[in-house]
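In what follows, a structure is listed as structure tokens, so that the remarks can point back to it.
The values are calculated or read from the model by the stated rules, or taken from the named source; none is laboratory data. Every value quoted in this text rests on a predicted model; they were computed, and no experiment measured them. Every residue, glycine among them, receives a Cβ derived from its backbone with ideal geometry; neighbour counts consider all protein chains shown.
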Amino acid sequence: MKFQFDSFEAFMAMGNHGPFVWSVVAITLVTWGLLIWWPLRSHKQALAEQRRLARIEQARIQQAAEQE
């Protein structure tokens, strides 16, 4: 098997295309990270909001029961 590059430095430089290639790789990984993190964050916030609303509703029910 023959390797495309003779050394690690040659691999990183990629025939003078290295900066472009590695910047695209970095942008892709950051984008994937955001595509995973953002929905998880939104879901967590939505669940927290639902818990907050449930506590408010439960407090209203208890208050109404105490007034009767």
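Odds and ends about this structure:
- Restricting attention to region 4-26, the residues being exposed (fewer than 12 other Cβ atoms within 10 Å of the Cβ) and either touching a residue at least 60 places away in the same chain (Cβ under 8 Å) or in a helix (DSSP H, G or I) (or both) number 8.
- Residue match in region 39-61 (condition: in a helix (DSSP H, G or I), touching a helix residue (DSSP H, G or I) at 6+ places or on another chain (Cβ under 6 Å) and either at pLDDT 95 or above or among the aliphatic types (A, V, I, L, M) (or both)): no
- Single unsatisfied condition, residue 19 versus (1) modelled with pLDDT of 90 or more; (2) touching a Phe, Trp or Tyr at 6+ places or on another chain (Cβ under 9 Å): (2)
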